[in-house]
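The values are calculated or read from the model by the stated rules, or taken from the named source; none is laboratory data. Predicted model only: the values in this text are computed from it and were never measured. Neighbour counts are summed over all protein chains in view; Cβ atoms, including those assigned to glycine, are modelled from backbone coordinates with ideal geometry. Side chains are part of the model used for accessible areas, which takes the heavy atoms of the whole protein and leaves out ligands, DNA and RNA. Shrake-Rupley method; radii C 1.70, N 1.55, O 1.52, S 1.80 Å.
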Amino acid sequence: MKKILIIELLDYVGTWNNKIITITFKKITNKYDTTFKHYRDYLIGKFIVKDSNGNILFDNTNLSDDQAKIEGVSFRKYGTKYSLIYIDPDLCHMTGSARISFTDATKTKLEWKYSQDNDWVENECFYHGLPYSQRPEPLPSNIILTRQ
């Protein structure tokens, strides 16, 4: 049995496009991965996004851990960036990938880089046919988050 250890991360907050996002990362320990046949540790992320007036735009903080929309994959082969995937069944199964890494030795700032998959949208989806500018954007593409 192989166990992959990861760093522990706490709550982070960042601001982008007049929106405020709070992401809470939680470490899941010693979960068996049925695909790769070993135990591993990984992060899950839950987030809440508010506009500049404090209105909630997206909130999945009440989901159970096994329903978290952000899940860690692993550290990149070279370097200290940790990779995550985002899958949102509530937004027509929107998907994307993120990389996080600390920007300073004190580990108080975290760089977040997210790339949303825009290749396909099913016909039944509520935003099918809309231009990209009118589709939901629950996660920022590139921000610095600060440890709270």
* Structure fact -> Expressed as a whole-number percentage, the relative contact order of region 14-148 with C-alpha contacts under 8 angstrom and at least six residues apart is 17 percent
* Structure fact -> Residue by residue through region 96-111, the couplings from Karplus 6.51 cos²θ - 1.76 cosθ + 1.60 with θ = phi - 60°, in Hz, x for Gly and Pro, are x, 9, 10, 10, 10, 7, 6, 9, 9, 5, 7, 6, 9, 10, 10, 7
* Using modelled backbone amide H atoms (1.01 Å from N, in-plane), which distant-in-sequence or interchain residues come within less than 5 Å of Gly96's amide H? -> Tyr86, Asp117
* Structure fact -> Which residues qualify? For Lys81, with a placed amide H closer than 5 Å and at least 5 residues away or on another chain, they are Arg76
* Rank these by accessible area, largest first, 1.4 Å probe: Leu57, Leu84, Leu63. => Leu57, Leu63, Leu84
* Structure fact -> Pseudo-spin-label distance Asn123 to Ser52, built 7 Å along Cα→Cβ, given in nm, is 4.1 nm
* To do: Within region 67-125, list the trypsin sites (Lys or Arg not before Pro) lying in a DSSP loop whose Cβ has at most 10 other Cβ atoms in a 10 Å radius.
  => Lys77
